[in-house]
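The values are calculated or read from the model by the stated rules, or taken from the named source; none is laboratory data. The structure presented is a predicted model; accordingly, all values stated were derived computationally and were not measured. Don't worry about glycine lacking a Cβ; one is built from the backbone with ideal geometry, like all the others, and counts go over all protein chains shown.
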Amino acid sequence: MKKFAIFVDGAVGDPHHAGIAAIALSVEGHFQGWLSRQLPGMTNNEAEYKAVLLGLELARQLAISTVEIISDSEVVVRQMLGLSRVQSDRLKQLHQQTCTQVAYFQTVHFRHVRREQNKLADALAAEAMAGRLVQMAGSQRR
């Protein structure tokens with residue numbers, strides 16, 4: 001069984017628009033596919049959770065059962081690992097949705113990285129926020 005990494009990021013630029021992105025790579029670094037979407041305005045943490053949900057959607061589309069979600073959101077990663085409490089009612093709802101989706105996979109790990117280690121997902125989320133690059137592209141099935 002191969003393990004795949006899915007880099008996720010959310011971007012919020014103004015009160016009216018947010019963007020989310022997810023990029024799947026094999027452990028060897030081979031590109032598997034990506035998704036990005038423009039969403040209505042929300043908080044940064046909400047966008048980060050929505051990006052994780054998009055990453056899990058991408059994993060399902062690619063029939064990946066073991067995945068590592070890699071995010072530059074320390075808040076979301078710590079909450080998903082159970083290291084921090086979810087206090088916001090809006091985040092509690094997104095956290096619960098994410099926990100529900102995680103249950104459909106054999107294994108899901110969460111890892112925090114610094115923003116500079118997540119540049120591609122960050123760039124795609126910014127493009128999605130601006131209304132560009134909002135379709136899946138370049139996926140390949142194993």
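A compact table of results
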| quantity | calculated |
| --- | --- |
| Near pairs, Cβ below 7 angstrom, 6+ apart or cross-chain, from region 66-84 (without any contact (Cβ under 8 Å) to a residue 24 or more places away in the chain) to any residue that is surrounded by fewer than 23 Cβ atoms within 10 Å (Cβ to Cβ) and not in a helix (DSSP H, G or I) | GLN79/VAL86 |
| Criterion (of a type in the set (Ser, Thr, Tyr) and either over 15 Å from the mean Cα position of the chain (by Cα) or on the phi > 0 side of the Ramachandran plot (or both)) met by exactly one of SER71, SER65 | SER65 |
| Region 2-17 - residue that is among the charged types (D, E, K, R) and surrounded by fewer than 19 Cβ atoms within 10 Å (Cβ to Cβ) and, of those, modelled with the highest pLDDT | ASP14 |
| Filter result for SER71 (among the hydroxyl-bearing types (Ser, Thr, Tyr) and under 14 Å from VAL102 (Cβ atoms)) | yes |
| Any hit, region 117-125, residues being surrounded by 14 or more Cβ atoms within 10 Å (Cβ to Cβ), over 13 Å from ALA11 (Cα atoms), modelled with pLDDT of 95 or more and small (Gly, Ala, Ser) | no |
